[in-house]
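Structure record follows, encoded as structure tokens.
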Amino acid sequence: MTFPESDLVQLSALQHYMFCPRQCALIHLEQIWEESRLTAEGRIQHERVDEGGAETRRDVKRVFGLPIRCLRLGLVGKADVVEFHRQADGTWQPYPVEHKRGRRKEEDWDRVQLCAQALCLEEMMDVSVPQGALFYGKEQRREAVEINEALRRETEEVAAAVHHLIAEGRT
């Protein structure tokens, strides 16, 4: 099954749903959103990646604010950063990097959002994306994330749950 463009949901909805389904409904169904100090800090941190553009250093190209989508899962959004690493055979391997304001979490909220980006890139580019990273602003560090089968399944289940929530239309 593929979703029509009109039924695509924002990638961020997956992270919102995992944190709190009610929060997801308030933001994505009722369009209720108030900026707090924490979300303002996150917005400021994202200014560089949201500007778009690209840069190349040696064997790594970085694309900022890359529009992505996955019709199979019904997802759309922007990847903060997608690095393309030059491989020995001359091809470029996509490596999504999701920026977060805070610190690492035990829960999979951020990893699912990153995996969704990897699945979008796989569908769009017809390549495998085995790994990505989460960059946490508070720690100024990256966490490498393996895009394994368990994370892929969890991401697909959360995407289906978000679509169900939105189709139901109830907060």
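The values are calculated or read from the model by the stated rules, or taken from the named source; none is laboratory data. Quick caveat, the model's predicted, so the values are computed rather than measured. No Cβ is skipped: glycine too gets one built from the backbone with ideal geometry, and neighbour counts run over all protein chains shown. Accessible surface is based on the protein model in full, side chains and every heavy atom, while ligands, DNA and RNA are left aside. Shrake-Rupley method; radii C 1.70, N 1.55, O 1.52, S 1.80 Å.
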Discussion item. One residue is enough: does segment 122-129 have a residue meeting the conditions part of a helix (DSSP H, G or I), within 15 Å of Asn148 (Cα to Cα) and modelled with pLDDT of 95 or more?
Written reply: yes
Worksheet entry | Unmet criterion (only one of (1) of a type in the set (S, T, N, Q); (2) open to solvent by less than 20 Å² (accessible area, probe 1.4 Å); (3) in contact with a Phe, Trp or Tyr (Cβ under 7 Å, 6 or more places away or on another chain)) for Gln131 | (2)
Worksheet item: Exactly one of (1) under 18 Å from His99 (Cα atoms); (2) more than 14 Å from the chain's Cα centre (by Cα); (3) assigned to a helix (DSSP H, G or I) is unmet by Gln113. Its number?
Response: (2)
Worksheet, complete the sentence: Taking segment 113-142 and keeping only residues that are among the acidic types (Asp, Glu) and in contact with a strand residue (DSSP E or B) (Cβ under 7 Å, 6 or more places away or on another chain), one is left with Glu123
Worksheet item: Do you know which of the residues in segment 132-171 that are of a type in the set (Val, Ile, Thr) and in contact with a helix residue (DSSP H, G or I) (Cβ under 6 Å, 6 or more places away or on another chain) is farthest from His85 (Cα to Cα)?
Response: Thr171
Worksheet, complete the sentence: The correct count of residues that are open to solvent by less than 30 Å² (accessible area, probe 1.4 Å) and either hydrophobic (A, V, I, L, M, F, W, C) or at pLDDT below 95 (or both) in segment 147-160 is 4
